[in-house]
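> Got a structure for you, questions after.
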Amino acid sequence: MEAPPADTEVRLMVAQCLRTLGSSTDDKDVTAALQTLCSYLDEGPESGPTSVQRAEFRRAHYTRTLQFLIHNIQADWVHNLTAARRTELWDGLFLRGPPDQALLVLTEGIGALKWVLQQEGCETWLPITERFLQSGRLVDMLWSYCLGAAVSDSPQLRETLLGRIVALPDITANRLQLNNKPLFLPQQYYPLLANEMLTALERTCQALKDGTDCSLTFVAQTLGKVCMQGHSDVVLAVIAPRLSASTRSDMVWQRVCWKLLENVPQGWIESVLIGLVKAVTGPEAFGRIIGNLVLTNKKAQFVITHKLLLLQYKYETRVLRIVLGYLAADRERRPLLLQVSKRYAWANPSAVKHTPLEQQLYVSKALLLSVSLLRDSELQEVRSELMQCMLGGMQSHLDSSVVHIRRLGMVVGECLSSRIDNNGAKLKFEVEQLHSYQNTFELHSVIRHYDQDEETQELLYLMHPVTSNEPEPEPDDDEFTPYDMSGDQEISQASPPRYLRDCLETLMTSEDPVRVELSLKAAEGLVRKNVFTAKEISVQMTKVLLHIEDKYNINGFLVYRQTTMVALTVTDCIPVSQYLTTEFYSLNYSLRQRLDILEVLALAAQELSKPITEKSDLSIGIAASTDLTPSPGDNPVHWREVVEKRIQSKTKRLSKGAKPPAKASPNRFAPVAGHFFFPLLRNYDKPQVTFDLLGSDHLVLGRLIHTLGLFMHLAVNAPVVIKLMVRRGVLFAVCSAFLSMPSQNLLVDLSAQLFETRTWLSGKEHSASK
């Protein structure tokens, strides 16, 4: 008779053993059944199951056997086992089989522990899980996957297994609560897991030296998963020092580390790299461990060159040194250092305004470190970009109303200027007034990358000024004679705004009449004085001024409002003119506002067409720092000037000599004339709900034609003047006026105009016939 197949024989034998354990009350039968099941896990003896039968049991019946044991943990035969038998047979079934299957069954069984804790036999179950962790079964599991010798493997099984490995402390804490074992706590479990991974890596290195191929995919997935769930600090605090020491002189260890990080899934590589850069001691160790991963892995490149340097600012300066030192240490990685040096947002005005002070300090440190690591040849390559960054950054920082940000701009500007141009004149700020602030920033560790000369030492002092703690002696009041203050007038506590953004904020939100008036008076001077800032908020400020109302009956309100809008249009021509010409035809505007738009555009065009003189530039600066209305008691005109004017008025001269010819200057309006002219012609013949140029709003039409003619005149000799078809618009307007008026009123009310129009049309007809 032919013997049954191995799988059938094993299935029948396992079923018989499980029936015996479930129904028999004889201790000998129970012991024999357990011994039979354990024999399938033995490796050495020739008697007993064959290797094929053992493999079949591990593949198809081992998990079912462990699940049966867990479900019968409270059976009488379990408690009747002696301690020696329990360790040999019961524990042996969990500790000698495939470790991945055993771990899955053990973690599933933890779900029943909350009920078991109140029952007799609890000590039978928990020590098995502890022994599983302490006996190196995690290493055996990791190593089996390295060799590709796992009994069963699939993506679903790996995902489940990884989740159980990483979440074991959470699973046990949820079920055991206050009765949890110390080994299952995170502070003990995760260092244990880290050591098990190191052991698996050591076996891999040895196997590679012996000529055996290995796979690090599962170990890399385990490392990535545990770091992604927030345990990177604990795990890498154990792994990083060992890897750093092992890779110092062993190239195999370096290749293993590189392969390990290459196999970390993309979604988890960020957590691994951030934890690793915090755990290593320096850029050399970091480079030996990760190799050129930044060149082959796009996600790793983004984390190292962007996230760690620009976005996440919670790290110490040591992290910046490690990351930038790693980029600078290898010839193939240095191009990334050059890219990083150009990418900093230190000169971005929006970043200066909206990012936290801590982040600005962090980015400033990164910028200084990057520049300090550049070679002279590389520095010349990016010199223009760094110069623009320095100048724009200093302007943005010095425009800030925050003292610490202004000081930061000064310090970084001085350092960059000394690094960019070592032989030229060094930038130096007068910042003595900042000495009263203590411990504002900690840039001294970064500045040490530069030469420790006297200027650098002074810069360190400015960042950490030392002030005396001794109180100043109080003056003796008896030594001073009091002034007569009976005639003094109360001085307003409000002061004019010093920064354009503060002025805009006051106009938008303030309900204080004094502050609104002061802001309105100072607005034009601030716009002309701070061109860079004005261009950032030109459209927004124009919108506010166009809609602002004279709620507080401010003297000269319309004049201040108009001059400021003209200054904004002149400063930032194209955006502001596009906004105003678009709003001219928009809904819900009064005729007064539409006329204001035309007046602002006309005045701005006139100013742009005039030549720039030094006197006008000087007057702008004076207007920004003085009040528009002098106080009654002031007498700005000197008596000598009055006398000189009287003498000149009484003196008769036949000739004052030839006047010097005016200097030629470009017409600033000519290049932008089209932005003023064409949008105003876009919708003149399309009546709106509340606005009809060809109908009831003819007054605005007349002003529009006048404004368009002014644009034509101011853009004289410009190439675009050919396209400014003002005459066609005039003809259309005249025809519309004739058609809309009754014929009997034309000769009565417009007789002179009709005669002039007829003469003009005849001249045009004669010219056209020629």
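> Could you list, ordered by first residue, the pairs with Cβ atoms under 8 Å in which the first is in the stretch 84-109 and under 14 Å from LEU142 (Cα atoms) and the second is among the basic types (Lys, Arg) and buried (at least 19 other Cβ atoms within 10 Å of the Cβ), at least 6 apart or interchain?
Between residues of the stretch 84-109 that are under 14 Å from LEU142 (Cα atoms) and residues that are among the basic types (Lys, Arg) and buried (at least 19 other Cβ atoms within 10 Å of the Cβ), the close pairs are PRO99/ARG137; ALA102/ARG137; LEU103/ARG137.
> Another question, then. Here are ARG59, ARG54: which of them is open to solvent by 70 Å² or more (accessible area, probe 1.4 Å), assigned to a helix (DSSP H, G or I) and of a type outside the set (Gly, Ala, Ser)?
Checking each option against the conditions leaves just ARG59.
> Suppose the filter is surrounded by 21 or more Cβ atoms within 10 Å (Cβ to Cβ) and closer than 21 Å to SER249 by Cβ; does LEU208 pass it?
So LEU208 does not fit the description; no.
> Could you grab me the full set of residues in the stretch 166-197 that are more than 15 Å from SER232 (Cβ to Cβ) and of a type in the set (A, V, I, L, M)?
Scanning the stretch 166-197 gives ALA167, LEU168, ILE171, ALA173, LEU176, LEU178, LEU183, LEU185, LEU192.
> State all residues of the stretch 218-262 that are surrounded by 21 or more Cβ atoms within 10 Å (Cβ to Cβ) and in contact with a Pro (Cβ under 6 Å, 6 or more places away or on another chain); if no residue qualifies, say none.
Matches in the stretch 218-262: GLY224 only.
> Quickly run through the stretch 493-520 and pick out the residues that are of a type in the set (Lys, Arg) and part of a helix (DSSP H, G or I).
ARG501, ARG515
Quick grid of which residues meet (1) of a type outside the set (A, V, I, L, M); (2) open to solvent by less than 50 Å² (accessible area, probe 1.4 Å); (3) closer than 23 Å to GLN134 by Cβ:
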position: VAL14; (1), (2), (3): no, yes, no
position: ASP27; (1), (2), (3): yes, no, no
position: THR36; (1), (2), (3): yes, yes, no
position: ARG64; (1), (2), (3): yes, no, no
position: ILE73; (1), (2), (3): no, yes, yes
position: ASN80; (1), (2), (3): yes, no, no
position: ARG85; (1), (2), (3): yes, no, yes
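> Please pick out the residue among ASN180, ASN174 that is open to solvent by 70 Å² or more (accessible area, probe 1.4 Å), free of Cβ contacts under 8 Å to residues at least 12 places away in the same chain and over 27 Å from VAL256 (Cα atoms).
Going through ASN180, ASN174 in turn, just one is open to solvent by 70 Å² or more (accessible area, probe 1.4 Å), free of Cβ contacts under 8 Å to residues at least 12 places away in the same chain and over 27 Å from VAL256 (Cα atoms): ASN174.
> Based on this model, can you work out whether ASP100 counts as touching a helix residue (DSSP H, G or I) at 6+ places or on another chain (Cβ under 9 Å), open to solvent by less than 10 Å² (accessible area, probe 1.4 Å) and modelled with pLDDT of 80 or more?
yes
> Next question, about the same structure. Quickly run through the stretch 364-391 and pick out the residues that are among the aliphatic types (A, V, I, L, M) and either open to solvent by 20 Å² or more (accessible area, probe 1.4 Å) or in contact with a Gly (Cβ under 8 Å, 6 or more places away or on another chain) (or both).
Answer for the stretch 364-391, where residues must be among the aliphatic types (A, V, I, L, M) and either open to solvent by 20 Å² or more (accessible area, probe 1.4 Å) or in contact with a Gly (Cβ under 8 Å, 6 or more places away or on another chain) (or both): LEU373, MET387, MET390, LEU391.
Here's the yes/no breakdown for (1) open to solvent by 30 Å² or more (accessible area, probe 1.4 Å); (2) out of contact with any strand residue (DSSP E or B) (no Cβ under 9 Å at 6 or more places or on another chain); (3) assigned to a loop (DSSP other than H, G, I, E, B); (4) among the small types (Gly, Ala, Ser):
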{"position": "ALA522", "(1), (2), (3), (4)": "no, yes, no, yes"}
{"position": "GLU536", "(1), (2), (3), (4)": "yes, yes, no, no"}
{"position": "ASP550", "(1), (2), (3), (4)": "yes, yes, yes, no"}
{"position": "MET565", "(1), (2), (3), (4)": "no, yes, no, no"}
{"position": "LEU568", "(1), (2), (3), (4)": "no, yes, no, no"}
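For (1) more than 16 Å from VAL238 (Cα to Cα); (2) under 27 Å from the mean Cα position of the chain (by Cα); (3) not hydroxyl-bearing (Ser, Thr, Tyr), each residue gets a yes or a no:
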residue	(1), (2), (3)
GLN254	yes, no, yes
GLU270	yes, yes, yes
LYS278	no, yes, yes
THR281	no, no, no
ARG288	yes, no, yes
GLY291	yes, no, yes
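> Give the stretch 370-390 a look and list any residue that's part of a helix (DSSP H, G or I) and within 14 Å of LEU327 (Cβ to Cβ), or say none.
SER370, VAL371, SER372, LEU373, GLU378
> Continuing with this model, one more query. Surrounded by fewer than 19 Cβ atoms within 10 Å (Cβ to Cβ), assigned to a helix (DSSP H, G or I), acidic (Asp, Glu) and at pLDDT 55 or above, is that true of ASP478?
No.
> Any idea which of ALA194, ALA200 is open to solvent by less than 10 Å² (accessible area, probe 1.4 Å) and under 38 Å from the mean Cα position of the chain (by Cα)?
ALA194 is the lone residue from the list that is open to solvent by less than 10 Å² (accessible area, probe 1.4 Å) and under 38 Å from the mean Cα position of the chain (by Cα).
> Tell me the residue from GLY275, GLY287, GLY267, GLY291 that is surrounded by fewer than 15 Cβ atoms within 10 Å (Cβ to Cβ) and over 30 Å from SER401 (Cβ atoms), please.
Answer to the selection: GLY267.
> Moving on. What are the residue pairs meeting all of these: first residue in the stretch 372-398, first residue on the phi < 0 side of the Ramachandran plot and touching a residue at least 60 places away in the same chain (Cβ under 8 Å), second residue surrounded by 13 or more Cβ atoms within 10 Å (Cβ to Cβ) and of a type in the set (Ser, Thr, Tyr), Cβ atoms under 7 Å, and 6 or more apart or on different chains?
What qualifies is SER372/TYR450.
> Further, regarding this structure: So ALA345 clears everything in (1) outside any helix (DSSP H, G or I); (2) over 29 Å from VAL280 (Cα atoms); (3) among the hydrophobic types (A, V, I, L, M, F, W, C) except one condition, right? Which one?
Here ALA345 meets the rest and fails (2).
> Tell me which residues, restricted to the stretch 7-38, are of a type in the set (Gly, Ala, Ser) and touching a Ser or Thr at 6+ places or on another chain (Cβ under 7 Å).
The answer is ALA33, and nothing else.
Conditions (1) on the phi < 0 side of the Ramachandran plot; (2) open to solvent by less than 40 Å² (accessible area, probe 1.4 Å), marked per residue:
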residue: MET141; (1), (2): yes, yes
residue: GLY148; (1), (2): no, no
residue: ARG158; (1), (2): yes, no
residue: GLY163; (1), (2): yes, yes
residue: ALA167; (1), (2): yes, yes
residue: ASP170; (1), (2): yes, no
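> Right, next: Report whether or not CYS214 is surrounded by 15 or more Cβ atoms within 10 Å (Cβ to Cβ) and assigned to a loop (DSSP other than H, G, I, E, B).
Yes: the conditions hold for CYS214.
> Now, a different point. Could we say that ALA347 is surrounded by fewer than 19 Cβ atoms within 10 Å (Cβ to Cβ), in contact (Cβ under 8 Å) with a residue 40 or more places away in the chain, among the small types (Gly, Ala, Ser) and in contact with a helix residue (DSSP H, G or I) (Cβ under 6 Å, 6 or more places away or on another chain) here?
no
> Residues in the stretch 183-203 that are of a type in the set (S, T, N, Q) and either within 15 Å of ILE110 (Cβ to Cβ) or touching a residue at least 60 places away in the same chain (Cβ under 8 Å) (or both): how many?
Counting residues in the stretch 183-203 that are of a type in the set (S, T, N, Q) and either within 15 Å of ILE110 (Cβ to Cβ) or touching a residue at least 60 places away in the same chain (Cβ under 8 Å) (or both) gives 1.
The values are calculated or read from the model by the stated rules, or taken from the named source; none is laboratory data. Please read these numbers as outputs of a predicted model, since none were measured by experiment. Cβ coordinates were reconstructed from backbone atoms using ideal geometry, including for glycine residues, and neighbour counts include every protein chain displayed. SASA here: full protein model, heavy atoms, side chains in, ligands and nucleic acids out. Shrake-Rupley method; radii C 1.70, N 1.55, O 1.52, S 1.80 Å.
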